[in-house]
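The next block holds one structure in the form of structure tokens; read it before the comments.
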């Protein structure tokens, strides 16, 4: 069993060493298409029953809203003057409000909503406009960018995430490429021109698609 474990560990190490991570040097599709906001006709709140997050598009920016599950023991509630539970609602977790809660065993569980900025305020992420209903959120990571395509349709937001196969060849046609070796993988920084970027789109760099419906609040 020790030998099998050692072989598996070595194989995983070799697999990691051979990996390539692709980033972009600048926001896509090009820096001259940067913008600060989405067209006002797309403002609203978008949700999906299949996803644990929702999106809010406003004049101030784009936000992702998610819920994190937390809990407090019955003992802590009994001994604290900060918390109280009445009619399946817990008081004291957030100021001037209560949250639905569920008792399981000796703990009360409840969900806390988090609102994170994608575009706006001091976020380093960059928004670019592709067309009247398509935008790219360029996520900033250590000086480089990863794109996510937003497509707005009537009462719907379609999010397409950047992804690629482990042994992909779709980036081979880009002329400006910088390779940065690291300890366990190779970091490849791409600088496509607009025609090269369009070719990447045609080759399917946004394969993961999730739809969110616009809701009235």
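The values are calculated or read from the model by the stated rules, or taken from the named source; none is laboratory data. Because the structure is predicted, anything quoted here is derived from the model rather than measured. Because the Cβ atoms are built from the backbone with ideal geometry, glycine has one as well, and the counts that use them run over all protein chains shown.
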Exercise for the section: Check off (1) over 16 Å from residue 43 (Cα atoms); (2) within 22 Å of the chain's Cα centre (by Cα); (3) not in a loop (DSSP other than H, G, I, E, B) for residue 109 and give me the number that stays unchecked. Expected result: (2)
Completion exercise
Picking from 148, 167, 153, the residue that is surrounded by fewer than 19 Cβ atoms within 10 Å (Cβ to Cβ) and within 21 Å of residue 34 (Cβ to Cβ) would be 148
Exercise for the section: Take residue 32 and decide whether it is part of a loop (DSSP other than H, G, I, E, B) and modelled with pLDDT of 50 or more. Expected result: no
Exercise for the section: Examine segment 125-132 for a residue that is without any contact (Cβ under 8 Å) to a residue 60 or more places away in the chain, part of a loop (DSSP other than H, G, I, E, B) and either closer than 21 Å to residue 210 by Cβ or under 19 Å from the mean Cα position of the chain (by Cα) (or both), and state whether such a residue exists. Expected result: yes
Practice task
Check segment 51-62 and report whether any residue there is part of a strand (DSSP E or B) and more than 19 Å from the chain's Cα centre (by Cα).
Solution key: no
Exercise for the section: Examine segment 148-161 for a residue that is touching a helix residue (DSSP H, G or I) at 6+ places or on another chain (Cβ under 8 Å), in contact (Cβ under 8 Å) with a residue 60 or more places away in the chain and part of a loop (DSSP other than H, G, I, E, B), and state whether such a residue exists. Expected result: no
Practice task
Just give me the residues in segment 109-145 being surrounded by 13 or more Cβ atoms within 10 Å (Cβ to Cβ) and within 30 Å of residue 83 (Cα to Cα), in sequence order.
Solution key: 109, 110, 111, 117
Practice task
Being modelled with pLDDT of 90 or more and touching a strand residue (DSSP E or B) at 6+ places or on another chain (Cβ under 6 Å) is the filter here, so list the residues in segment 58-67 that pass it.
Solution key: 61, 62, 63, 64, 65, 66
